[in-house]
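The values are calculated or read from the model by the stated rules, or taken from the named source; none is laboratory data. These numbers were taken from a predicted model, which means no experiment stands behind them. Don't worry about glycine lacking a Cβ; one is built from the backbone with ideal geometry, like all the others, and counts go over all protein chains shown. We work out accessible area using only protein heavy atoms, side chains counted, and drop any ligands, DNA or RNA first. Shrake-Rupley method; radii C 1.70, N 1.55, O 1.52, S 1.80 Å.
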Amino acid sequence: MKRRAPAQRSDTTWTDADTQRLQEGLRRLSVTLDETAFAKVVQWAMLLKQWNRTFNLLGNSDSVHLIDEHLLDSLAIVPVLERYLPRPQEALVDVGTGAGFQPQRPIYLVEPVGKKVAFLRQSVLTLGLKNATVLAGKIEDLESLLRADPAFRKGRDGASSTPQPGADAS
């Protein structure tokens, strides 16, 4: 019986070339991030590469694939959000978040896969994202998941017109 070679571990480093590729991609998409937001994107990408090494959240996590297929793909919607949802306090729901990416506005990240939920929760903690709430479940359960979230209930009871994510709800 022939033994298989061990699976190749993905690279977890982030280089200056990666930063340059991300900056160039953002320019092509006409997406402007301030220095703090850009630093958080890079920090999130490094965290995602580390987690992917153990949990296979993305499959291929080489930097080119991560930047082109995940980061830039996720960030491409920023100009649309700014145009059609100009009030940054308006909450979004990202259904099937996967390894996801959180914009700088209140957002509910809905994901049914446990390892992805764990990564999202760690991302929220590591990056200090006070505007993100991770909901572990399927879209069919969204109403009950939101009802279980204290910030959402507070908004629905009239104390606030918009839900203010920040706590995890399961």
**region 103-139, subset buried (at least 23 other Cβ atoms within 10 Å of the Cβ) and among the small types (Gly, Ala, Ser), residue modelled with the highest pLDDT** = 123
**Request:** Can you tell me which residue within region 16-29, out of those that are polar (S, T, N, Q) and under 20 Å from the mean Cα position of the chain (by Cα), is nearest to residue 44 (Cα to Cα)?
**Result:** 19
**Message:** I'd like the full set of residues that are of a type in the set (Phe, Trp, Tyr) and surrounded by fewer than 20 Cβ atoms within 10 Å (Cβ to Cβ), limited to region 48-71.
**Reply:** 55
**Message:** I'd like the full set of residues that are over 21 Å from residue 83 (Cα atoms) and either surrounded by 12 or more Cβ atoms within 10 Å (Cβ to Cβ) or in contact with a Pro (Cβ under 6 Å, 6 or more places away or on another chain) (or both), limited to region 25-40.
**Reply:** 39, 40
**Request:** All but one of (1) without any contact (Cβ under 8 Å) to a residue 60 or more places away in the chain; (2) assigned to a loop (DSSP other than H, G, I, E, B); (3) under 27 Å from residue 11 (Cα atoms); (4) open to solvent by less than 60 Å² (accessible area, probe 1.4 Å) hold for residue 45, so report the exception by its number.
**Result:** (2)
